[in-house]
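The next block holds one structure in the form of structure tokens; read it before the comments.
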């Protein structure tokens, strides 16, 4: 007598099936065009804006510097992750108390959105901090002693970890992810992200090129992660043109 054992497919197998179902409509990530654009923006900031702003940063209005100092820590990885963990924990606690399937599904979907934002920020932050260590650019705090062309690769010194801006990377990933999730408010999120990135220049800890590189790096990871999620049918759908579209109807 033979006994048939039904093996329940694992999570990886489930994701593989979802990926295969959408494989033919995937569009390649336009990394070449994005990289070329980002390099040009960073180069322009480096050669045109870094030196004059490095000289002028000490003469900025004290109230402006104070305001920038108050808001700039929004870009700290710890604060962002703490906020996302709070969202996930709240969603999980609420989900356990819901009895309707539709409500539970909404909370699961909301949790997936938080996970998407968290992965975008964490991956971007890891790359940014690695580049900081490898490049070792001096911060504007050392402008009078070393100028804008000072580099000390593999330095663990805070004063030589300016490029790219870690805060700006986190901000770029966070607000571009939000802009992709909620396209109706895209311009608002992008505008806030640019101002928060500029706060790093205003308080004198980064050059414009550091901020431009950080924002571009974070934006890239948020966009690439949205395409990855779309390929698995999570949070985003693949549009007719191959680009990720948020599935907000499932949340509403």
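Each value in this text was obtained by applying a stated rule to the coordinates, not by laboratory testing. Just so you know, these numbers come straight off a predicted model, no measurement behind them. Neighbour counts run over all protein chains shown; Cβ positions are idealised from the backbone, glycine included.
By definition, a body whose alpha carbon gyration tensor gives a ≥ b ≥ c is prolate when a/c is 1.5 or more and a/b is larger than b/c, and the stretch 179-245 fits this prolate description.
Once Rh is set to the Kirkwood radius over Cα pairs, what Stokes-Einstein translational diffusion coefficient, in µm²/s, holds for the stretch 30-251 at a temperature of 25 °C and a viscosity of 0.890 mPa s? Provide the component values of the computation, followed by the final result.
On the way: Rh = 18.5 Å.
The Stokes-Einstein estimate is 133 µm²/s.
Peptides 117-125, 202-210, 165-173, 50-58 ranked from most to least packed by the mean count of surrounding Cβ atoms within 10 Å: 165-173, 202-210, 117-125, 50-58.
Pull out a ≥ b ≥ c, the square roots of the eigenvalues of the alpha-carbon gyration tensor of the stretch 43-83, then state rounded if a/c is under 1.5, prolate if not and a/b is larger than b/c, and oblate in the remaining case.
Values: a/c = 4.94, a/b = 1.55, b/c = 3.19.
In terms of gyration-tensor shape, oblate.
Each of the peptides 184-196, 226-238, 144-156 was scored by the mean count of other Cβ atoms within 10 Å over its residues; in descending order, highest first, they stand as 226-238, 184-196, 144-156.
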